[in-house]
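See below for the structure under consideration.
The values are calculated or read from the model by the stated rules, or taken from the named source; none is laboratory data. Predicted model only: the values in this text are computed from it and were never measured. All Cβ positions, even for glycine, are placed from backbone atoms using ideal geometry, and neighbour counts span all protein chains on display.
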Amino acid sequence: MSDEVKIEIDDLVPIYAPKSQSILSSLEQHDIRIEYQCRSGYCGACRVKLLEGRVDYDEPPLAFIKENEILTCCSKAITDLKLERPLT
Amino acid sequence: MQYTIFNRKPVNSLKEPMFFGETVNVARYDQQKYPIFEQLIEKQLSFFWRPEEVDLSKDRKDFQDLAEHEKHIFLSNLKYQTLLDSIQGRSPNIAFLPVCSLPELETWIETWAFSETIHSRSYTHIIRNIKSDPSDVFDDIVRNEEILKRADSVSKYYDSFIEYMNLFNLLGLGVHDINGKKTEITMFELKKRLYLCLVSVNVLEAIRFYVSFACSFAFAERALMEGNAKVIKLIARDEALHLTGTQHMMNLMASGQDDEEMARVAEECKQQAEEIFVEAAEQEKQWAEYLFKDGSMIGLNKDILCQYVEYITNIRMQAVGLNSPFEARSNPLPWMNAWLVSDNVQVAPQESEISSYLVGQVDSEVSADDFDDFDL
């Protein structure tokens, strides 16, 4: 099961998603809708707050993100994650 | 005059702040204080497109078949977009370049403004296609009161900063006698006007443009004016990048890592910044009222557009660390995202517009451990 991670977002039922997939795609597959636009890391629309866990980017994204934020469109989970749902 | 176009002093731009340090002399990019601006330039260049690439022949027929109130919505929206890009095509250069101190930031500002001029050219392309006399549309931009109101609110922070900055570049800091009036020029006030100007630019790119995009895409949702929507899609892709650029500048300022005084300015202006956002949101709602004064269209009306204004204002304010003023709600125009995804902006793979193509070219570094997980 090491290829899967648990992603918790607020008080929603946790989802299990493959590590190899972007977090945004995993959320969408489980019908959790968050904002997105460019899907390649430069617009910043999909930023969410990372409460626990670690993620990795294939290449460093252009959009501005604060210390505790991640871009879901281009990041992949390395560990189990706890996220805070943004304004949606 | 203290401004010089080529600063003779040897300057280490790695130690300069973004603005109000030594002016840039050599345009060199081998060393960068903030590589993010160089990356934004690369990305913007990879996005290059020309309006003529988009075929608008079906739009002409679509437009003729629109109801009168829909023509009003379409044209007014286009006029507003033309106004916004007329301003953005020139003002970042005029306002920010004379006080910029980093070569990579200077070039980002020029690249940014240049791409806005492509947007302006594309509005001419669109209008020329649907109207036999484009002058009707263009001339109305400086006659129509509703548009003029918009122009006023969009340009006033630019004008206020540019006036003060010109005095500074001409006379320097201190108290000066200007036209018989004593005027004090201080660094704090300069930075304050610059910061507020950036906030209003952020509002323009992050809220005002998106409201207009919503109208353009609402037509295309009904399979009308699709060529126009394709152009707007390309514009939206550019604007998302510009927005990122402005957010980086604002956040660098607020963090204090670039210039401590600028961080104090940002802190002091927090409330004013929030007011600029809220004021713009209210203006956009008034604009929605004008757009739909003669009737709504399928899929979009005044109320939905106003809800979208509030929704997007909340999100944008949060992104630059301000408090969101409106009641939290979900996106009332969920179909917008599908139009804004730039993944499906269609380009032929042999054109080097696909940014991953270019990124691949630039980054040719291979390290020994790249092959670690490779088995024969």
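Structure notes:
- Between A:I7, A:I15, the distinction of being in contact with a His (Cβ under 7 Å, 6 or more places away or on another chain) and surrounded by fewer than 23 Cβ atoms within 10 Å (Cβ to Cβ) belongs to A:I15 only.
- Apart from one condition, A:K19 fits all of (1) under 30 Å from B:E38 (Cβ atoms); (2) charged (D, E, K, R); (3) away from chain B (no Cβ under 14 Å); the exception is (1).
- Which numbered condition B:R90 fails, given (1) among the charged types (D, E, K, R); (2) surrounded by fewer than 17 Cβ atoms within 10 Å (Cβ to Cβ); (3) more than 16 Å from the chain's Cα centre (by Cα): (3)
- Taking region B:13-52 as the range and being polar (S, T, N, Q) and either in contact with a Cys (Cβ under 8 Å, 6 or more places away or on another chain) or exposed (fewer than 10 other Cβ atoms within 10 Å of the Cβ) (or both) as the test, only B:T23 passes.
- With respect to the stated conditions, A:D31 fails to be within 14 Å of chain B (Cβ to nearest Cβ), exposed (fewer than 15 other Cβ atoms within 10 Å of the Cβ) and under 28 Å from B:F47 (Cα atoms).
- The criterion of at least 2 residues that are away from chain A (no Cβ under 13 Å) and either in contact with a Cys (Cβ under 9 Å, 6 or more places away or on another chain) or without any contact (Cβ under 8 Å) to a residue 40 or more places away in the chain (or both) is met by the following helices (runs of 4 or more DSSP H) wholly inside region B:241-349: B:260-268, B:270-291, B:302-319.
- Of all residues in region B:136-145, those satisfying the criterion of being crowded, with 16+ Cβ neighbours inside 10 Å and not aromatic (F, W, Y) are B:V137, B:I141, B:N144.
- Of all the residues in region B:48-74, those that are touching a helix residue (DSSP H, G or I) at 6+ places or on another chain (Cβ under 6 Å) and hydrophobic (A, V, I, L, M, F, W, C) number 5.
- Near pairs, Cβ below 8 angstrom, 6+ apart or cross-chain, from region B:33-46 (within 11 Å of chain A (Cβ to nearest Cβ)) to any residue that is among the charged types (D, E, K, R) and not in a helix (DSSP H, G or I): B:S46/B:E353
Residues are listed down the side, and each one gets a yes or a no for (1) farther than 21 Å from B:E268 by Cβ; (2) crowded, with 23+ Cβ neighbours inside 10 Å:
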site: B:Y195; (1), (2): no, yes
site: B:R208; (1), (2): yes, yes
site: B:A218; (1), (2): yes, yes
site: B:A223; (1), (2): yes, no
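- Residue check, B:Q271 of a type in the set (S, T, N, Q), surrounded by fewer than 19 Cβ atoms within 10 Å (Cβ to Cβ) and modelled with pLDDT of 95 or more: yes
- If only residues of region A:36-88 that are of a type in the set (V, I, T) and under 16 Å from B:R316 (Cβ atoms) are counted, the one that is surrounded by the most Cβ atoms within 10 Å (Cβ to Cβ) is A:V48.
- Residue that is nearest to B:H248 (Cα to Cα), among those in region A:46-88 that are within 12 Å of the chain's Cα centre (by Cα) and among the small types (G, A, S): A:S75
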